[in-house]
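The values are calculated or read from the model by the stated rules, or taken from the named source; none is laboratory data. Note that this is a predicted model, so its numbers are computed, not measured. We place every Cβ from the backbone using ideal geometry, glycine too, and count neighbours over all the protein chains shown.
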Amino acid sequence: DQQVKQNSPSLSVQEGRISILNCDYTNSMFDYFLWYKKYPAEGPTFLISISSIKDKNEDGRFTVFLNKSAKHLSLHIVPSQPGDSAVYFCAASAVRGSNYKLTFGKGTLLTVNP
Amino acid sequence: EAQVTQNPRYLITVTGKKLTVTCSQNMNHEYMSWYRQDPGLGLRQIYYSMNVEVTDKGDVPEGYKVSRKEKRNFPLILESPSPNQTSLYFCASSHDRGTEAFFGQGTRLTVV
């Protein structure tokens, strides 16, 4: 049973436009969400996170929105740049729980065309 | 420089030959994890540790062992590797459960 779902395996956008990556989750115990970016032959690198007590978090060109009632979060990249081309993973955890489980989605390959 | 170091980066081995992938972090983090990445499946957690001598299973622990004898190290042990353990493995560490994890560069393991 997949608890974190990224339903779009890939996304292609034009440089300068907005990229929107989506993520859905099923476990209502999740209270902390993260986005990671991964280039080929490298480990994932942290991008931005959001706690369930918030509905929006911004860091420069990156904004994450959380809709708890819909169990949905999205990552907005504005403006998109060719260097943003990578696989993006959504991840979720239950921080108030007693374990350190971090559940990832399958990832979305973002391609930003010059 | 803050980092998570995995060794080796690449490994080809034969079925049944025990191997260990090492992981070391220099950030004094209490939390460490191992993940495997497979095509179409994303990253799946194998084992995690919340402190020295405290380890627990993730989502795909079968065929793996870990130990946490000291804070900085968290080796992944495959006692009898099988071809279905051919994968890309990542070690990660974090300061707390509610903070981001730092990942190593990965170990590509092939079991023939």
Taking first residues from the stretch B:22-42 that are touching a residue at least 60 places away in the same chain (Cβ under 8 Å) and second residues anywhere that are of a type in the set (Gly, Ala, Ser) and surrounded by 14 or more Cβ atoms within 10 Å (Cβ to Cβ), the pairs with Cβ under 6 Å that are 6 or more apart or on different chains are B:GLN25/B:SER93; B:HIS29/B:SER93; B:HIS29/B:SER94; B:TYR31/B:SER94; B:MET32/B:SER49; B:MET32/B:SER93; B:SER33/B:ALA92
Take the residues of the stretch B:90-112 that are of a type outside the set (A, V, I, L, M, F, W, C), over 16 Å from B:GLN3 (Cα atoms) and part of a strand (DSSP E or B): which is nearest to the other protein chains (Cβ to nearest Cβ)? B:ARG108
Do we have any residue at all in the stretch A:103-111 that's touching a strand residue (DSSP E or B) at 6+ places or on another chain (Cβ under 6 Å), free of Cβ contacts under 8 Å to residues at least 24 places away in the same chain, away from chain B (no Cβ under 14 Å) and β-branched (Val, Ile, Thr)? no
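Take the residues of the stretch A:74-114 that are among the aromatic types (Phe, Trp, Tyr) and within 19 Å of A:PRO40 (Cβ to Cβ): which is modelled with the lowest pLDDT? First the steps, then the outcome.
Taking the stretch A:74-114 and keeping what is among the aromatic types (Phe, Trp, Tyr), we get A:88-89, A:100, A:104.
Filter again for within 19 Å of A:PRO40 (Cβ to Cβ), leaving A:88-89, A:104.
Details: A:TYR88: 97, A:PHE89: 96, A:PHE104: 93.
So the residue we want is A:PHE104.
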Cβ-Cβ under 7 Å pairs, at least 6 apart or on other chains, the stretch B:68-87 side crowded, with 17+ Cβ neighbours inside 10 Å, far side of a type in the set (S, T, N, Q) and part of a helix (DSSP H, G or I): B:LEU78/B:GLN85
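Any chance the stretch A:80-90 includes a residue that's among the aliphatic types (A, V, I, L, M), touching a strand residue (DSSP E or B) at 6+ places or on another chain (Cβ under 8 Å), within 14 Å of another protein chain (Cβ to nearest Cβ) and surrounded by fewer than 21 Cβ atoms within 10 Å (Cβ to Cβ)?
Step one: of the stretch A:80-90, the residues among the aliphatic types (A, V, I, L, M) are A:86-87.
Narrowing the set further to residues that are touching a strand residue (DSSP E or B) at 6+ places or on another chain (Cβ under 8 Å) leaves A:86-87.
Then keep just the ones that are within 14 Å of another protein chain (Cβ to nearest Cβ); that gives A:86-87.
From the residues that got through so far, the ones that are surrounded by fewer than 21 Cβ atoms within 10 Å (Cβ to Cβ) too are A:87.
Yes: the stretch A:80-90 contains one or more residues that are among the aliphatic types (A, V, I, L, M), touching a strand residue (DSSP E or B) at 6+ places or on another chain (Cβ under 8 Å), within 14 Å of another protein chain (Cβ to nearest Cβ) and surrounded by fewer than 21 Cβ atoms within 10 Å (Cβ to Cβ).
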Looking at the structure I just gave you, is B:GLU62 at pLDDT 95 or above and loosely packed, with under 14 Cβ neighbours inside 10 Å? yes
Can A:THR26 be described as among the polar types (S, T, N, Q), under 19 Å from B:LEU41 (Cβ atoms) and without any contact (Cβ under 8 Å) to a residue 60 or more places away in the chain? yes
By residue number, the members of the stretch B:1-56 that are more than 10 Å from every other protein chain (Cβ to nearest Cβ), under 11 Å from the mean Cα position of the chain (by Cα) and among the aliphatic types (A, V, I, L, M) are B:VAL21, B:ILE46
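If I go through the stretch B:45-89 residue by residue, how many of them are among the β-branched types (Val, Ile, Thr) and out of contact with any strand residue (DSSP E or B) (no Cβ under 7 Å at 6 or more places or on another chain)? Spell out how you get there, then give the answer.
Taking the stretch B:45-89 as the starting set, the residues that turn out to be among the β-branched types (Val, Ile, Thr) are B:46, B:52, B:54-55, B:60, B:66, B:77, B:86.
Still in the list and also out of contact with any strand residue (DSSP E or B) (no Cβ under 7 Å at 6 or more places or on another chain): B:52, B:54.
Residues meeting the conditions: 2.
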Taking only the stretch A:20-51 into account, find how many residues are in contact with a strand residue (DSSP E or B) (Cβ under 8 Å, 6 or more places away or on another chain), closer than 24 Å to B:SER93 by Cβ and surrounded by fewer than 17 Cβ atoms within 10 Å (Cβ to Cβ). 4
Of the conditions (1) over 12 Å from the mean Cα position of the chain (by Cα); (2) within 22 Å of A:LEU47 (Cα to Cα), the single one that B:ALA92 does not satisfy is (1)
